[in-house]
Number of protein chains: 2
Amino acid sequence: MDHFLALDIGGTKFGGGVVSERGDVISYIASPTPKGASDSELWEITKRVLHDAAVKADIHKFSSVGIGCGGPMDLDRGLVSPLNIPGWRDFPLTKSIQDEFGLEAYLNNDGKAITLGEGLFGAGKNVRNFMAMVVSTGIGGGIILDGRLLNGRLGNAGHIGHVNVEPNGNICSCGARGCLEAQASGLNISRYYGQDPRQATDDIKVLCGEYVGRGVASAASLLDLDLIVVGGSVALGFGDIFFRAAQKELSNRAKLNFSSSAKIAPVELGEHGPIIGAATVAISSQRGLF
Amino acid sequence: MDHFLALDIGGTKFGGGVVSERGDVISYIASPTPKGASDSELWEITKRVLHDAAVKADIHKFSSVGIGCGGPMDLDRGLVSPLNIPGWRDFPLTKSIQDEFGLEAYLNNDGKAITLGEGLFGAGKNVRNFMAMVVSTGIGGGIILDGRLLNGRLGNAGHIGHVNVEPNGNICSCGARGCLEAQASGLNISRYYGQDPRQATDDIKVLCGEYVGRGVASAASLLDLDLIVVGGSVALGFGDIFFRAAQKELSNRAKLNFSSSAKIAPVELGEHGPIIGAATVAISSQRGLF
């Protein structure tokens with residue numbers, strides 16, 4: 001059985017793990033993302049979560065390292081500049097990991113990593129066309145179409161968070177108005193509706209579900225896909241009322257013969273999705289999948 | 001020099017042509033799409049435009065036949081059911097052509113055919129990520145991403161006409177509200193704004209350009225693409241004022257680091273785009289392009 005080191009880097013936490021080739025999480029270590037940390041402090045945390053995960057798993061041989069990281073990034077050169085981690089700008093994450101651990105390292109955007117994980121082990125298993133997305137502090141995602149992970153010009157395909165859902169809506173962190181992320185992400189629920197997402201009212205849960213359903217409907221029509229798996233702390237925390245509202249809006253907006261069957265479903269890998277996804281970046285690259 | 005028979009089937013006209021492997025149109029014959037015609041009458045017109053195009057070109061040897069046809073269709077089985085041609089429902093167009101002409105025939109959606117044509121001979125030449133779209137009686141398109149034509153689950157990827165651009169907008173022919181097609185297609189300009197698109201006021205040209213720019217912005221963000229080529233009788237007829245409004249709205253809505261450079265440009269193949277595109281369906285299939 002092959003094992004992979006996995007690294008999930010986001011604005012809330014750094015996660016390190018050991019994941020088997022079957023998608024089982026053998027160990028997992030998380031550390032909060034420090035605010036205002038320097039690049040060397042961030043690198044020390046990165047090394048620590050990976051070393052600690054390896055020790056905890058008591059496994060000493062790894063095939064390679066898979067990395068899921070918040071964007072943007074320069075995929076070809078392995079440089080990361082996560083929007084929510086100002087200490088890293090063009091940080092050479094791939095090379096640093098390779099040098100430290102003596103293993104090949106594979107990097108991708110965290111939304112695309114989750115999509116790969118769901119595609120190999122979760123709700124997208126054996127499905128050639130689907131989108132996976134995360135409704136959390138921000139909103140991101142990835143798309144597998146015709147059995148392949150979409151990259152796009154610079155590797156950012158899957159950015160469902162910046163599909164317009166309300167032309168005169170809230171100003172988004174990107175500077176545009178009415179992006180899905182501006183209307184329904186955790187950060188913007190706090191900012192614009194004055195509610196902590198963890199204690200949101202049913203009205204807010206329904207409203208956010210509707211916006212997600214609307215954005216997803218545009219994607220389903222544009223790309224001829226009928227399965228959208230949704231995860232992330234906000235979506236999963238909001239639960240059924242959110243998912244029902246999202247499905248209703250999707251069904252009202254996607255009425256073409258090929259899109260009218262489109263379904264929203266929760267991710268299957270749940271809270272482990274990001275670390276399994278990170279491992280799958282390596283697994284799928286090494287095995288030529290997607 | 002290889003030559004291809006090309007067939008472009010739309011709600012307005014049936015076009016037959018002979019196109020060289022370099023994308024030169026050697027001959028072209030068009031016949032208006034009859035209203036209320038039976039399947040056999042439609043088939044007679046199909047045979048006639050292809051035979052007449054071959055005679056006019058005075059070419060007797062063809063590599064194969066390429067077909068661009070209005071959707072929906074069952075690509076795998078070669079059956080067409082064009083929305084605007086009620087006489088054909090699950091008509092076996094690919095097989096009928098193959099039997100009649102003794103040549104291999106290759107079928108795709110008309111929007112995807114135009115995209116292939118622009119990708120091989122036009123504005124998308126040597127571009128690995130772009131969308132092509134047509135703003136005409138309806139609005140359709142196709143997407144080349146990572147150097148490949150996107151198909152999606154049933155082959156309909158590229159349906160930019162049903163991206164939502166106005167949540168409380170006009171009812172679309174698909175049944176949803178505020179699709180790009182409902183807000184900016186030729187048919188709906190007549191229906192909802194009471195103007196013949198050929199004599200539209202500047203206000204309408206700007207409005208439609210804005211809607212196109214908004215839909216395109218969502219697609220550019222979702223797919224990480226920065227070139228959108230736009231054709232079709234409405235877009236090309238509206239001209240500069242339309243294209244300027246579309247570009248302005250796109251720039252206002254696509255502000256991510258990877259999408260902020262997105263550009264709208266007119267198609268390069270102009271009115272010959274559909275027949276060259278139809279030929280390219282065959283050329284690209286035979287040569288394993290896209």
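Quick note: the coordinates plus some simple rules give every number you see, no bench work behind them. Just so it is clear, the model here is predicted, and its values are computed rather than measured. So basically every Cβ, Gly included, is an ideal-geometry build from the backbone, and we count neighbours across all protein chains shown.
Here are a few things to note about the model shown:
- Between helix A:39-57 and chain A: long-axis angle, C-alpha atoms, 0 to 90°, nearest 10: 80
- Peptide A:143-150, shielding by other chains (average Cβ, 10 Å cutoff): 5
- Rg and Dmax of the range A:123-267, based on Cα coordinates, read 14.1, 41 Å.
- Working from label points 7 Å from Cα in the Cα-to-Cβ sense, the B:S190 to A:D24 distance is 6.6 nm.
- Computed from Cα atoms alone, the Kirkwood hydrodynamic radius reported for the range A:3-109 is 13.6 Å.
- Looking at the protein assembly as shown, the DSSP beta bridges with both ends there are about 60 percent antiparallel.
- Kirkwood radius and radius of gyration were both taken over the C-alpha atoms of chain A, and their ratio Rg/Rh is 0.96.
- Between 0 and 90°, nearest 10: helix B:273-287 axis offset from chain B longest Cα axis: 60
- Ranked from shortest, the separations from the 7 Å Cα-to-Cβ label point of A:D99 to its equivalents in the other copies are 6.9 nm.
- Label-zone membership for the range B:228-269, site B:L289, 7 angstrom Cα→C-beta point, backbone N under 15 Å: B:268-269
- Between the alpha-carbon centres of the range A:149-171 and the range A:94-124 there is a gap of 21 Å.
- Ranked by how many other Cβ atoms sit within 10 Å of their own Cβ, fewest first, the residues A:V80, A:V206 fall in the order A:V206, A:V80.
- Net charge over other residues, Cβ less than 14 angstrom from the Cβ of A:S260 (K, R count +1; D, E count -1): +2
- Here chain B is treated with +1 on each Lys and Arg Cβ and -1 on each Asp and Glu Cβ, and its dipole about the Cα centre works out to around 500 debye.
- Net charge of the neighbourhood of A:P167, taken over other residues with C-beta under 9 Å away and scored Lys/Arg +1, Asp/Glu -1, is +1.
- Inter-copy spacing of B:K125 label points, which lie 7 Å from Cα along Cα→Cβ, given in nm from shortest upward: 4.9
- The separation of the range A:1-45 from the range A:230-258, counted between C-alpha centres, amounts to 30 Å.
- Residue mean of other protein chain beta carbons inside 10 Å, A:161-172: 5
- As a calculated quantity, the FRET efficiency between B:R198 and A:E44 at R0 = 45 Å, using C-beta atoms, amounts to about 0.10.
- Estimated D of the protein assembly as shown in µm² per second, where Rh is the Kirkwood radius over Cα pairs and Stokes-Einstein applies at 25 °C, 0.890 mPa s: 100
- Between the residues A:G70, A:N109, A:T33, the greatest Cα displacement towards the positive end of the dipole of the range A:2-113, with unit charges on the Cβ of Lys, Arg, Asp and Glu, is found for A:T33.
- Think of chain B as a dipole: +1 on every Lys or Arg Cβ, -1 on every Asp or Glu Cβ, centred on the Cα centre; then among B:I276, B:L5, B:I45, B:I276 lies furthest on the positive end.
- At 7 Å out from Cα toward Cβ: B:G288 inter-copy label distances (nm, ascending): 1.3
- Volume per residue that the Cα convex hull of the range A:73-136 spans, once the total is divided by residue count, Å³: 119
- About its Cα centre, the dipole of the protein assembly as shown is roughly 440 debye, where the only charges are +1 on Lys and Arg Cβ and -1 on Asp and Glu Cβ.
- B:K61-A:D99 FRET efficiency (beta carbon distance; Förster radius 51 Å; 0.05 resolution): 0.25
- Per the rotation superposing chains A and B, the chain A residue found at the smallest beta carbon distance from the axis is A:S218, 3, distance in Å.
- Reach of B:K61 by Cα under 29 Å, taken over lysines that are not fewer than 8 positions away in the same chain: B:K13, B:K47, B:K95, B:K112, B:K125
- Beta bridges per DSSP, both residues in the range B:3-109: antiparallel share near 65 percent.
- If both residues of a DSSP beta bridge must be in chain B, then about 60% of such bridges are antiparallel.
- Where only alpha carbons of the range A:90-196 are counted, the Rg and the Dmax (Å): 16.4, 51
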